[in-house]
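Participant: Questions regarding the structure given below will be posed in turn.
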Amino acid sequence: MSKKVMIKWKTNDKWNDCKQSVNRKDIKPFDVASEKGQRVKILFNRRWSDGEVCEAWSSSEKKIP
């Protein structure tokens, strides 16, 4: 199961600055740590769109049993 991350869309349409929770695997780069406000690409409907991370995450997060 993939962890969900809150992002903010940075597009030229009505979704600009809207927040949404997306799977980490749909964010490029997904395998490195990201900081709040970092620009990323988000996979939506087989297209990569611009976005911004709303919450920081680390690729080395420990899994709790």
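Participant: Which number in (1) at pLDDT below 90; (2) surrounded by 11 or more Cβ atoms within 10 Å (Cβ to Cβ) marks the one condition that Glu61 misses?
Facilitator: Only one criterion in (1) at pLDDT below 90; (2) surrounded by 11 or more Cβ atoms within 10 Å (Cβ to Cβ) is unmet by Glu61, namely (2).
Participant: Next question, about the same structure. Please work out which residue is nearest to Trp15 (Cα to Cα), limiting yourself to segment 29-43 and to residues that are out of contact with any Gly (no Cβ under 9 Å at 6 or more places or on another chain) and not small (Gly, Ala, Ser).
Facilitator: Going through segment 29-43, the residues out of contact with any Gly (no Cβ under 9 Å at 6 or more places or on another chain) turn out to be 29-38, 43.
Adding the requirement that they be not small (Gly, Ala, Ser) leaves 29-32, 35-36, 38, 43.
Values: Pro29: 21, Phe30: 22, Asp31: 26, Val32: 26, Glu35: 22, Lys36: 19, Gln38: 18, Leu43: 14 Å.
Restricting to residues being out of contact with any Gly (no Cβ under 9 Å at 6 or more places or on another chain) and not small (Gly, Ala, Ser), the top hit is Leu43.
Participant: Hey, among the residues in segment 34-58 that are small (Gly, Ala, Ser) and assigned to a strand (DSSP E or B), which one's modelled with the lowest pLDDT?
Facilitator: So, considering only residues that are small (Gly, Ala, Ser) and assigned to a strand (DSSP E or B), the one modelled with the lowest pLDDT is Ser34.
Participant: Filter segment 1-33 down to the residues that are surrounded by 14 or more Cβ atoms within 10 Å (Cβ to Cβ) and part of a loop (DSSP other than H, G, I, E, B), then identify the one that is modelled with the highest pLDDT.
Facilitator: Among those residues, the one meeting the criterion is Lys10.
The values are calculated or read from the model by the stated rules, or taken from the named source; none is laboratory data. Just so we're clear, the structure is a prediction, and the values are computed from it rather than from any experiment. So basically every Cβ, Gly included, is an ideal-geometry build from the backbone, and we count neighbours across all protein chains shown.
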